[in-house]
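This report concerns only the one structure given below.
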Amino acid sequence: KQREALLRRQADSTAAQRKYPMTRAKKITLLIAAVALLTLSVSAALVWLTPAQVAEQMDDPLLSAAFAGDSAVPVNESQTVGDYTVTLSGLVSGEDLSRCPAEYNGELISDRTYAVFTLSRTDGQPLENLPENLSYSPLVSGYHVSAVNSWTLGAACQSFVESGAAYYLYDTRNLEMFADHTVYFAVYKGGVPSPAQFPMADDGTISLAPDITGALFTLPLDPARPHSAAAAAFAAGPGPGFIAS
């Protein structure tokens, strides 16, 4: 009986030893797969175009140089909007950073803010067409959302799809005039911003309504660079204007 017990223990030990290499091999395989997936994800991010390259693609070498310069502000923040991931890549503000196309007169464009953002599918599938029904707009704390937005600021947006991602070059009146307030950039499903979409708190801060599909970025503007006279002139214009300080 002792011999049988000894043989049984040896058999159990041998079986256990055979299992461990298999389990370890599986773990190593899973680890390799995870590392490979991470590498692919990082590689995909690395091949995305920079703001300077996006401007170059838009045939705007002057703006491309501005995005590559010291005055450009990198952001690289991502948020989810429905089935998409939106990444705000960076922005640059100032005068004479871009030029009208030659067919329009080729003049320098003064006092604008330019922002580049990228949109991709969150599930990793390549994007083939530009998503529909998406709007993009700056919003400013303390200002009614129907008074300060893409429509009142004379904004424009160009876009294209490349390598499974959509690239957007957005430009608007220089947002630095509001730099002593919180300045947001909204990407959302809907039309002209309304208080129902973007409610304002008593202290002037703006948020995204729970039933609205969208993202609300906070722009990293230098609070020491507000254009007070420009902001005052804008607030004195038509519309609800300034509400809270």
Which one is modelled with the highest pLDDT, of the residues in the range 29-64 that are among the polar types (S, T, N, Q) and over 21 Å from L127 (Cα atoms)? S64
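Residue by residue, here is whether (1) more than 12 Å from D60 (Cα to Cα); (2) of a type in the set (S, T, Y); (3) modelled with pLDDT of 95 or more holds:
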site	(1), (2), (3)
G90	yes, no, yes
E95	yes, no, no
R99	no, no, no
A102	no, no, no
G106	no, no, no
S110	yes, yes, no
T113	yes, yes, yes
T118	yes, yes, yes
G124	yes, no, no
Filter the range 148-159 down to residues that are open to solvent by less than 40 Å² (accessible area, probe 1.4 Å) and not hydroxyl-bearing (S, T, Y) and give me whichever is farthest from F117 (Cα to Cα). V148
List the pairs whose first member sits in the range 46-60 and is small (G, A, S), whose second member is part of a loop (DSSP other than H, G, I, E, B), and whose Cβ atoms are under 7 Å apart, counting only residues at least 6 apart or on separate chains? A52/A68
Of the residues D180, D203, D171, which is loosely packed, with under 15 Cβ neighbours inside 10 Å and either at positive phi or among the acidic types (D, E) (or both)? D203
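For the range 130-147, name all the residues that are of a type in the set (A, V, I, L, M), open to solvent by less than 40 Å² (accessible area, probe 1.4 Å) and under 20 Å from the mean Cα position of the chain (by Cα). I'd like the intermediate steps shown before the answer.
First, pick out the residues of the range 130-147 that are of a type in the set (A, V, I, L, M): 130, 134, 139-140, 145, 147.
Still in the list and also open to solvent by less than 40 Å² (accessible area, probe 1.4 Å): 134, 139-140, 145, 147.
The answer is L134, L139, V140.
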Which numbered condition trips up A65, out of (1) under 19 Å from the mean Cα position of the chain (by Cα); (2) open to solvent by 60 Å² or more (accessible area, probe 1.4 Å); (3) closer than 22 Å to D222 by Cα? (1)
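The values are calculated or read from the model by the stated rules, or taken from the named source; none is laboratory data. Being a predicted model, the structure only gives us computed values, none of them experimental. Because the Cβ atoms are built from the backbone with ideal geometry, glycine has one as well, and the counts that use them run over all protein chains shown. These area figures cover heavy atoms from the full protein model, side chains too; ligands, DNA and RNA do not enter into them. Shrake-Rupley method; radii C 1.70, N 1.55, O 1.52, S 1.80 Å.
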